[in-house]
């Protein structure tokens, strides 16, 4: 259930609010998760992230069908801190908004069309309007 206006939802997302979520690996498991991510998706680079919020989009049945037909799930991550970026596109400490989820494995591998995100430590989870995703720029 979505709570608040678009602006309130965006502020909560960026501010690290939301329901506590125990997904994510321990820091000492990062090397193993990198190895697993390369076996699962050898051509996708990885990003190791913490201070993350898994955001589910509130969608209609029609929109859900469109996501499914395109091979996506209506979820994305807002990441408060990048620990490591294999491709070097983002500097350590930067924030990022991901594209949509395609797969999720081992309670910490959030896979999008182009990247595998390794979630470290607990995070947050919330539901937001599609407009929050569309209007959150980096």
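Would you calculate a helix-derived [θ] at 222 nm for the chain, using -39,500 (n - 2.57) for each DSSP H run of n ≥ 4 and dividing by the full residue count, to the nearest 500?
Working: 4 runs with 36 residues, N = 138.
Computed ellipticity for the chain at 222 nm equals -7500 deg cm²/dmol.
How far is helix 30-40 tilted off the main Cα axis of the chain, in degrees rounded to 10, range 0 to 90?
Helix 30-40 and the main axis of the chain meet at about 80 degrees.
Set the Förster radius R0 to 25 Å, insert the Cβ-Cβ distance between residue 87 and residue 3 as r into 1/(1 + (r/R0)^6), and round the FRET efficiency to 0.05.
With R0 = 25 Å, the Cβ-Cβ based efficiency is 0.10.
Using a 10 Å cut-off around each Cβ, can you sort 12, 47 from fewest to most neighbouring Cβ atoms? Mind dumping the intermediate values first?
Details: 12 19, 47 26.
Exposure proxy ranking, most exposed first: 12, 47.
Using Cβ contacts closer than 10 Å as the measure, can you line up 134, 13 from fewest to most?
Values: 134 10, 13 22.
Fewest-to-most Cβ neighbours within 10 Å comes out as 134, 13.
In a Gaussian network model over the chain where Cα atoms closer than 10 Å are linked, find which of 86, 28, 17 has the largest mean-square fluctuation.
28
Just want the ordering: 20, 95, from fewest to most Cβ atoms lying within 10 Å of their own Cβ. Working shown, then result.
On the way: 20 8, 95 15.
Fewest-to-most ranking of 20, 95: 20, 95.
Sorted by average packing, counted as other Cβ atoms within 10 angstrom per residue and highest first, what order do 29-41, 67-79 take?
Details: 29-41: 15.4, 67-79: 17.3.
Per-residue Cβ counts within 10 Å, averaged per peptide and sorted highest first, yield 67-79, 29-41.
Using Cα springs under 10 Å in a Gaussian network model of the chain, which residue among 58, 66, 81 shows the largest mean-square fluctuation?
66
Could you check which residue among 62, 102, 127 shows the biggest mean-square fluctuation in a GNM of the chain with a 10 Å Cα cutoff?
Ranking 62, 102, 127 by mean-square fluctuation puts 62 first.
Cα atoms only: what Rg and Dmax, in Å, come out for the chain?
Computed over the Cα atoms of the chain, radius of gyration and Dmax are 14.4, 42 Å.
So what is the orientation-averaged projected area of the stretch 73-138, using the convex hull of its C-alpha atoms, in nm²? Spell out each step's value before the answer.
Numbers: hull surface 18.6 nm².
Mean projected area of the Cα convex hull: 4.7 nm².
Quick one: compute the contact order of the chain, relative version, from alpha carbon pairs under 8 angstrom and 6+ residues apart, as a percent. Before the final figure, lay out each step's value.
Values: 289 pairs, mean separation 51.6, N = 138.
Value for the chain: 37 percent.
Read the figures in this text as sums done on the coordinates, not as results from a lab. Only a predicted model underlies this, so the values are computations on that prediction, with no experimental measurement involved. Backbone-built Cβ (ideal geometry, glycine too); neighbour counts: all protein chains shown.
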